Amino acid sequence: MTTATIAVKGSASDEFPADFAIVQFTQEFSAPARSDALAGGNAVIAQVRDAAQELGAGVREVKIHSLRVFETFNQVGPDRVQEHSGWGAQVVGQVLVEPGTVPTAIAELAKVGVRIHQITWHLDSETEEKAHRAVRRLAVADAKEAANDFALALGASLGGLITLADPGLLGPAAFQSGARRSSLMATATSGISSGLWDEQVDIDPDVITVSANVEASYEVTFN
């Protein structure tokens, strides 16, 4: 009776509905005086917070990242000399929204007048951990099935598990081409243009693809 060792990879993936979305927005405008630009920026922030409050529990959180006030210039004459033209303001922020509230939230933010430039979909950390554990178990089963396929192809019997690890932990001697670690978050983007809006915008919630990979080695026996 002869024994040998085979090394295999296992992989698996599954889709999970997103738990929430992050809606990222900006607003830029001009004003004749610095105080007007600052007041306008604060007004936009207040309007966004009011709109979020009207949506109730469907909005998890409003985060204002920055309010920047800056001087603006025109280039005048053949020498393109910079000449003061006024002041500008830029508001940057994001809103964390439940999936079912996203269509209404987009419409309400558009009514405020902000520019929505990206929507990303996410899993809660607890959901993410459970999803990864479930998919990793599937990857382990896939590795065992691959090992059994090798054994059958060789006319041998599959023996016991020798090693099992995340990708790369068994070293380059066992696996020459490493696999990337499982991804626990996917993103979907949606460009939004200005215009007239009704009570909601037709935005479809995304699903998150969770993947896992493992490396394993098994003993095989030749009768």
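The values are calculated or read from the model by the stated rules, or taken from the named source; none is laboratory data. What you see is a predicted model; the values in this text were computed from it and never measured. Glycine gets a Cβ as well: all are built from the backbone with ideal geometry, and neighbour counts include every protein chain shown.
Numbers at a glance
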{"quantity": "Residue match in the range 19-29 (condition: within 30 Å of ALA141 (Cα to Cα) and buried (at least 18 other Cβ atoms within 10 Å of the Cβ))", "calculated": "yes"}
{"quantity": "Tally, over the range 76-134, of residues that are crowded, with 17+ Cβ neighbours inside 10 Å and at positive phi", "calculated": "0"}
{"quantity": "Residue in the range 71-91 that is assigned to a strand (DSSP E or B) and within 25 Å of ILE203 (Cα to Cα) present", "calculated": "yes"}
{"quantity": "Failed item, numbered, when ALA147 is tested on (1) of a type outside the set (Phe, Trp, Tyr); (2) surrounded by 18 or more Cβ atoms within 10 Å (Cβ to Cβ); (3) not in a helix (DSSP H, G or I)", "calculated": "(3)"}
{"quantity": "Criterion (of a type outside the set (Ser, Thr, Tyr), in contact with a strand residue (DSSP E or B) (Cβ under 6 Å, 6 or more places away or on another chain) and closer than 30 Å to ARG49 by Cα) met by exactly one of ILE106, ILE64", "calculated": "ILE64"}
{"quantity": "Failed item in (1) at pLDDT below 95; (2) in contact with a Phe, Trp or Tyr (Cβ under 9 Å, 6 or more places away or on another chain); (3) charged (D, E, K, R), with GLU98 passing the rest", "calculated": "(1)"}
